[in-house]
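Peer 1: There's a structure below that I have some questions on.
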Amino acid sequence: MILERFVVGPLEENAYIIADETTKKAIVIDPGDESDRIIEFIRGSGLQVDSIILTHAHFDHVGAAGDIKKETSGNILIHKDDMEVYATAKDQAAIWGYDMNDIPQPDGYLQEGDSVEVGSLRFEVLHTPGHSPGGICLYGEGVLMTGDTIFKGSVGRTDFPGGSAEELKKSFRRLLNLSEDVKIYSGHGPETTVGIEKKTNFFVNEFL
């Protein structure tokens with residue numbers, strides 16, 4: 001499995017590429033900015049992007065989705081509950097003082113229990129609301145792509161429109177019930193594991 005991280009944009013968001021080394025099939029996760037870097041890697045590695053998966057629709061995670069789609073013809077996929085957030089992404093960016101290109105409508109929706117196949121790799125879609133209504137994680141192959149649901153030592157904010165502390169608590173508990181050796185790759189910051197977060201995450205005592 002190829003798993004490549006790109007720290008992009010002014011908010012230092014983590015965009016990822018996951019690919020099957022044999023088939024070169026790939027997905028792009030949360031391309032928030034700096035599409036040129038992501039596209040350069042795709043071209044240089046000879047990857048074929050099937051889909052562009054958005055763990056949630058905040059502007060720092062979706063800003064380069066249109067450019068990636070134009071270059072690769074990959075389908076933009078999102079949870080339907082985040083469509084209202086997605087529709088206002090450009091306005092979100094403006095509030096933070098950033099300019100963002102227009103992004104196309106999603107090509108389809110992902111929901112709880114769906115499978116995302118990348119060559120021989122398989123990932124399950126987990127609906128993990130809280131940071132946003134349609135937040136999702138991808139779980140499989142020993143890794144958990146969490147977007148902004150959980151970070152090393154922390155969790156996502158719930159004070160944005162559509163956020164919910166109660167929903168985030170449920171999502172947090174669910175993720176920390178996974179095997180302790182699962183590696184967590186989040187939307188900001190370094191990687192961690194479920195086991196480390198059970199022991200050290202600031203919100204364990206409050207949320208569990």
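Peer 1: Taking the stretch 168-184 on its own, how many of its residues are touching a residue at least 24 places away in the same chain (Cβ under 8 Å) and either among the polar types (S, T, N, Q) or under 25 Å from Trp96 (Cα atoms) (or both)? Outline the logic, then answer.
Peer 2: Step one: list which residues in the stretch 168-184 are touching a residue at least 24 places away in the same chain (Cβ under 8 Å), which gives 168-176, 178, 181-184.
Within this subset, residues satisfying the condition of being either among the polar types (S, T, N, Q) or under 25 Å from Trp96 (Cα atoms) (or both) are 168, 171.
Total meeting the criteria: 2.
Peer 1: Going through the stretch 196-208 one residue at a time, which ones are loosely packed, with under 15 Cβ neighbours inside 10 Å, in contact with a Ser or Thr (Cβ under 9 Å, 6 or more places away or on another chain) and not β-branched (Val, Ile, Thr)?
Peer 2: Correct list: Phe202 only.
Peer 1: Any residue in the stretch 31-42 that is crowded, with 19+ Cβ neighbours inside 10 Å and touching a Ser or Thr at 6+ places or on another chain (Cβ under 6 Å)? So that I can check it myself, show each step before the final result.
Peer 2: Step one: filter the stretch 31-42 for residues crowded, with 19+ Cβ neighbours inside 10 Å, giving 31-33, 35, 38-39, 42.
Imposing the further condition that a residue be touching a Ser or Thr at 6+ places or on another chain (Cβ under 6 Å) reduces the set to none.
Looking through the stretch 31-42, none of the residues is crowded, with 19+ Cβ neighbours inside 10 Å and touching a Ser or Thr at 6+ places or on another chain (Cβ under 6 Å).
Peer 1: For the stretch 182-189, check the following and say yes or no: at least one residue is in a loop (DSSP other than H, G, I, E, B), over 22 Å from Asp60 (Cβ atoms), in contact with a helix residue (DSSP H, G or I) (Cβ under 7 Å, 6 or more places away or on another chain) and modelled with pLDDT of 95 or more. Spell out the reasoning first.
Peer 2: Applying the first criterion (in a loop (DSSP other than H, G, I, E, B)) to the stretch 182-189 yields 182, 187, 189.
Retained after the next criterion (residues that are over 22 Å from Asp60 (Cβ atoms)): 182.
Imposing the further condition that a residue be in contact with a helix residue (DSSP H, G or I) (Cβ under 7 Å, 6 or more places away or on another chain) reduces the set to 182.
Now narrow it down to the ones that are modelled with pLDDT of 95 or more: 182.
Within the stretch 182-189 (the criterion being in a loop (DSSP other than H, G, I, E, B), over 22 Å from Asp60 (Cβ atoms), in contact with a helix residue (DSSP H, G or I) (Cβ under 7 Å, 6 or more places away or on another chain) and modelled with pLDDT of 95 or more), the answer is yes, since at least one residue qualifies.
Peer 1: What about Leu168, is it in contact with a strand residue (DSSP E or B) (Cβ under 9 Å, 6 or more places away or on another chain) and buried (at least 22 other Cβ atoms within 10 Å of the Cβ)?
Peer 2: Details: in contact with a strand residue (DSSP E or B) (Cβ under 9 Å, 6 or more places away or on another chain): yes; buried (at least 22 other Cβ atoms within 10 Å of the Cβ): yes.
So Leu168 fits the description; yes.
Peer 1: Among the residues of the stretch 139-164, which ones are without any contact (Cβ under 8 Å) to a residue 40 or more places away in the chain, within 15 Å of Leu54 (Cβ to Cβ) and in a strand (DSSP E or B)?
Peer 2: Once the filter is applied, which keeps residues that are without any contact (Cβ under 8 Å) to a residue 40 or more places away in the chain, within 15 Å of Leu54 (Cβ to Cβ) and in a strand (DSSP E or B), the stretch 139-164 yields nothing.
Peer 1: In addition: Condition check: touching a residue at least 60 places away in the same chain (Cβ under 8 Å) and assigned to a loop (DSSP other than H, G, I, E, B). Does His131 satisfy that? Break it down into steps so the answer makes sense when it comes.
Peer 2: Values: touching a residue at least 60 places away in the same chain (Cβ under 8 Å): yes; assigned to a loop (DSSP other than H, G, I, E, B): yes.
In short, yes.
Results for (1) part of a loop (DSSP other than H, G, I, E, B); (2) among the charged types (D, E, K, R); (3) under 16 Å from the mean Cα position of the chain (by Cα), shown as yes or no for each residue.
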{"position": "Met100", "(1), (2), (3)": "yes, no, no"}
{"position": "Ile103", "(1), (2), (3)": "yes, no, no"}
{"position": "Cys137", "(1), (2), (3)": "no, no, yes"}
{"position": "Glu166", "(1), (2), (3)": "no, yes, no"}
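Peer 1: Select from the stretch 27-64 the residues that are assigned to a strand (DSSP E or B) and farther than 17 Å from Leu11 by Cα and list them in ascending order.
Peer 2: Quick first cut of the stretch 27-64, residues assigned to a strand (DSSP E or B) only: 27-29, 48-53.
Scanning the stretch 27-64 gives Ile27, Val28, Gln48, Val49, Asp50, Ser51, Ile52, Ile53.
Peer 1: While we're looking at this one, here's another question. Considering each of Ile68, Ile78 in turn, give the residue that is buried (at least 22 other Cβ atoms within 10 Å of the Cβ) and closer than 28 Å to Gly46 by Cα.
Peer 2: Numbers: Ile68 fails: buried (at least 22 other Cβ atoms within 10 Å of the Cβ).
After ruling out the rest, the residue left standing is Ile78.
Peer 1: Read through the list (1) in contact with a His (Cβ under 6 Å, 6 or more places away or on another chain); (2) among the hydrophobic types (A, V, I, L, M, F, W, C); (3) surrounded by fewer than 22 Cβ atoms within 10 Å (Cβ to Cβ), then give the number of the only condition that Ala87 fails.
Peer 2: (1)
Peer 1: Could you tell me whether Tyr98 is touching a residue at least 60 places away in the same chain (Cβ under 8 Å), under 23 Å from Gly156 (Cα atoms), in contact with a Pro (Cβ under 8 Å, 6 or more places away or on another chain) and not polar (S, T, N, Q)? Step through it out loud before you land on a result.
Peer 2: Values: touching a residue at least 60 places away in the same chain (Cβ under 8 Å): yes; under 23 Å from Gly156 (Cα atoms): yes; in contact with a Pro (Cβ under 8 Å, 6 or more places away or on another chain): yes; not polar (S, T, N, Q): yes.
For Tyr98, the condition - touching a residue at least 60 places away in the same chain (Cβ under 8 Å), under 23 Å from Gly156 (Cα atoms), in contact with a Pro (Cβ under 8 Å, 6 or more places away or on another chain) and not polar (S, T, N, Q) - is met.
Peer 1: Looking at Ile53, Ile17, Ile42, can you tell me which residue is closer than 20 Å to Lys183 by Cα, without any contact (Cβ under 8 Å) to a residue 40 or more places away in the chain and of a type outside the set (Gly, Ala, Ser)?
Peer 2: On the way: Ile53 fails: without any contact (Cβ under 8 Å) to a residue 40 or more places away in the chain; Ile42 fails: closer than 20 Å to Lys183 by Cα.
Ile17 is the lone residue from the list that is closer than 20 Å to Lys183 by Cα, without any contact (Cβ under 8 Å) to a residue 40 or more places away in the chain and of a type outside the set (Gly, Ala, Ser).
Peer 1: Quick test for you: out of Gly189, Gly156, Gly163, pick the one residue that is in contact with a His (Cβ under 7 Å, 6 or more places away or on another chain) and over 17 Å from Glu206 (Cα atoms).
Peer 2: Numbers: Gly189 fails: in contact with a His (Cβ under 7 Å, 6 or more places away or on another chain); Gly156 fails: over 17 Å from Glu206 (Cα atoms).
The unique qualifying residue is Gly163.
The values are calculated or read from the model by the stated rules, or taken from the named source; none is laboratory data. These numbers were taken from a predicted model, which means no experiment stands behind them. Heads up, the Cβs are rebuilt from the backbone with ideal geometry, glycines too, and the neighbour counts pull from every protein chain shown.
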